[in-house]
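Colleague: Quick one: the structure is below, and I'll ask about it shortly.
Derivation of every value follows stated rules applied to the coordinates shown; laboratory data play no part. Small disclaimer: the values here were computed from a predicted structure and weren't measured. As a convention, Cβ positions derive from the backbone with ideal geometry for all residues, glycine included, and neighbour counts pool all protein chains shown.
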Amino acid sequence: MRCALSRTLEGAAITYPPADFLIMVGASQENRQPRPGDPMTEIDTKPRVKVSTKTERPRLHKVILVNDDYTPREFVVTVLKAEFRMSEDQAYRVMMTAHRRGACVVAVYARDIAETKATRATEAGRSKGYPLMFTTEPEE
């Protein structure tokens, strides 16, 4: 079926759409014969590759309380409550675990947060003259 509209524009007859356009659109890609000079035969097509980037979760680090024989227990509990936002009971249990075993994991954070909290807690002990020590290490 071929449909063309004729229109006169300033004395010239124009047919819409051009006749060869209807042939190209109407023919399927499999049975369409390429013609010399046809712009469709010169196009190099490649499949699109969808690239998706996945953001990886940051590695977590443990904040570890290292026991010493000089820092008072009450002060350790105060630092744990202030810096790590622990309740009185949680802070006491962490302090006693570090006292019995020599060290205790206080919390697990992203690396920069863990290092900041460990540094601030250690500095709180040093400011009062105690050898209180918090360290960080990567979590497995």
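Colleague: Rounded, prolate or oblate: which one fits region 60-102, using the alpha carbon gyration tensor with axes a ≥ b ≥ c (rounded when a/c is under 1.5, else prolate when a/b beats b/c, else oblate)? Spell out each step's value before the answer.
Modeller: Working: a/c = 1.58, a/b = 1.09, b/c = 1.45.
Since a/c reaches 1.5 but b/c is at least a/b, the shape of region 60-102 is classed as oblate.
Colleague: Glu115: net charge of surrounding residues, Cβ under 15 Å, Lys/Arg +1, Asp/Glu -1, itself excluded? Don't skip to the answer; put the middle values down first.
Modeller: On the way: positive: Arg59, Lys62, Arg111, Lys117, Arg120; negative: Glu83, Asp112, Glu123, Glu137, Glu139.
It works out to a net charge of 0.
Colleague: Excluding Leu60 itself, what net charge comes from residues whose Cβ is under 15 Å from its Cβ, given Lys and Arg +1 and Asp and Glu -1? Please report the intermediate quantities before stating the final value.
Modeller: Details: positive: Arg57, Arg59, Lys62, Arg111, Lys117; negative: Glu56, Asp112, Glu115, Glu137, Glu139, Glu140.
My count for the surroundings of Leu60 gives -1.
Colleague: Read phi for every residue in region 95-110 and hand back ³J(HN,Hα) as whole Hz from Karplus 6.51 cos²θ - 1.76 cosθ + 1.60, θ = phi - 60°, with x for Gly and Pro.
Modeller: Per residue, the Karplus-derived 3J(HN,Hα) values read 4, 5, 5, 5, 5, 7, 9, x, 7, 8, 6, 8, 7, 10, 9, 5 Hz.
Colleague: I would also like to ask the following. Show the residues, 5+ positions off or on another chain, whose built amide H is closer than 5 Å to the amide H of Leu60.
Modeller: Under 5 Å from the amide H of Leu60: Glu139.
Colleague: Cβ under 12 Å from Val79's Cβ, Val79 left aside: what net charge do those residues give with Lys, Arg +1 and Asp, Glu -1? Intermediate results must be reported in sequence, preceding the final value.
Modeller: Numbers: positive: Arg73, Lys81, Arg85, Lys117, Arg120, Arg126, Lys128; negative: Glu74, Glu83, Glu123.
So the surrounding residues net to +4.
Colleague: List every residue whose amide H lies under 5 Å from the amide H of Ala107, counting only residues 5 or more places away in sequence or on a different chain, with H placed 1.01 Å from N in the peptide plane.
Modeller: Long-range HN contacts for Ala107: Val63.
Colleague: Would you kindly derive the ³J(HN,Hα) couplings of region 61-73 from the backbone phi angles with the Karplus curve 6.51 cos²θ - 1.76 cosθ + 1.60 (θ = phi - 60°), listing them in order in whole Hz, with x for Gly and Pro?
Modeller: Result, ordered by residue: 10, 8, 9, 10, 8, 9, 6, 9, 8, 10, 6, x, 4 Hz.
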